[in-house]
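Every number in this text was worked out from the coordinates using simple rules, so none of it is lab data. This one's a predicted model, so the numbers in the text were calculated from it and none came from an experiment. Cβ atoms come from the backbone with ideal geometry, glycine included; neighbour counts cover every protein chain shown.
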Amino acid sequence: MRAAVIVFPGSNCDRDGAVALTKLTGRETAMIWHQETELPPLDLIFLPGGFSYGDYLRCGAIAAHSPVMREVVAAAKRGVAVLGVCNGFHLLTESHLLPGALIRNAGLKFVCRPVPLSVERAETIYTKHYSPGQVIRVPVAHGDGNYRADGDTLARLRDEGRIAFRYAYGQNPNGSAGDIAGIYDESFRVLGMMPHPERAIEPALGSADGWPLFQSVLESLG
Amino acid sequence: MIRAEVRVMLKPGVLDPQGQAIGNALGHLGFEGVEDVRQGKLIVLDLETNDRTAAENQVKAMGERLLANPVIENFTVELVDV
C-alpha cells in the first residue's frame, strides 16, 4: 500500500500519521507539501490534524483551496482512499468531498481526552477489523468538532449507512448532531472523523483501539 | 476605488455557541433584556475597480467560493465609495 500524508502550514498531526502509516506498511510514508501540484501514485491519502493556516477564516477553509487539494479531490474521485482526521475532516467538508460542516464545540472548550466511540459499520475498508457496534476508545483534541448539517443531509447519511462512528451515548464532547464523530462519502472510501486513530496505535499511547482501522485499510488496499 | 464590506453570519437556526457565551457574559454584567446574541464576521475588501456592478459580482463570487461556507453561513455585500 502506498500512503502519503499531506502537510499544510500549521499541521501538527502529520508526523503522528506518518508514524502510524510507516508502522503499518513497512515503507516510508510520502510527506507531501501543500504547494505540490502533482501526487505520486497512491492508495491512501492521509489529511492530518492541526491548525492549517492558523484556522483563519474557518477551520480548513484556506487549506481547502491550496494547490495540492485539487489533486486530492481528483484522486478521491478516481477512487483513491482519503482519511481526514480532525483538521483533515474540516478540509474534507470545506472541499465538498463530505457534506455538512464542523463548528465551534457547544461547550466552547477545547476538548482533549479519550472518548468512547461506537463503530457503526464493521465492513468498510476502514472498519473490517472491528465488530459491529464495538465501542472503542480514541482520543479527541479539538475546539471545532461540532458536526452540523441540515435535516435532509443527516437523514441521508443515516439512511445510506454513511455514519462511521458516533460518540457513545452521553459521551458527546462537542454537541455534534446525532453524536456524529465520523462520516463516509458515497463510495465509503473517503472517511472524515474528529477522533485521532493515529494517536491510539499501541498500548503505550494509552489505547491501541485505532490500530484496527489502519489494519483494515492495509488489508483492503493491499 | 470601491470598498466592499462582506458580512458573514451563521444561518438562522445554526447553533452559535460564541453568541450564547457573549449573551451569558452580558447577563453577568447586569445588562438585561438581551433576547439573543449572534456573532458574525465583517470582511472589508478594497477593490481597484470603480464599476459597482462588476465589484458586486466579483465579491459575491468570493463569498460563495471562500468567504462564507454556504452549509452554515449567509453573507451580504455592501459597497462603499471611498
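Values for this structure:
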| read-out | value |
| --- | --- |
| Pairwise FRET efficiency - B:Glu32 versus A:Lys23, Cβ, R0 = 45 Å, nearest 0.05 | 0.15 |
| Least to most buried among B:Leu10, A:Leu108 (fewest other Cβ within 10 Å first) | A:Leu108, B:Leu10 |
| Calculated from backbone phi, Karplus (6.51, -1.76, 1.60) coupling profile of region A:66-80 in Hz, x at Gly/Pro | 6, x, 5, 5, 4, 6, 5, 5, 5, 5, 4, 5, 7, x, 5 |
| Between helix B:52-62 and chain B: long-axis angle, C-alpha atoms, 0 to 90°, nearest 10 | 60 |
| Candidates A:Gly161, A:Gly192, A:Gly60: whichever shows maximal mean-square fluctuation once chain A is modelled as a Gaussian network with Cα springs under 10 Å | A:Gly161 |
| Contact order relative to length of chain B, as percent, for alpha carbon pairs under 8 angstrom and 6 or more apart | 54 |
| Centroid-to-centroid separation of region A:116-181 and region B:23-37 [C-alpha atoms, Å] | 35 |
| Unit charges at the beta carbon, dipole of chain B: most positive-side option, B:Val77, B:Ala61, B:Leu45 | B:Ala61 |
| Among A:Leu154, A:Asn105, A:Tyr130 the positive-end extreme of the charge dipole of region A:3-221 (Cβ point charges) | A:Asn105 |
| Proximal lysines relative to B:Lys11, as straight alpha-carbon distance under 26 Å, when same-chain residues fewer than 8 apart are discounted | A:Lys109, B:Lys41, B:Lys60 |
| Straight-distance crosslink candidates among lysines, where the alpha carbon sits under 23 Å from A:Lys128 and sequence neighbours closer than 8 are dropped | A:Lys23, A:Lys77 |
| Cα centre as origin, Lys/Arg/Asp/Glu Cβ charges: the protein assembly as shown dipole, Debye | 660 |
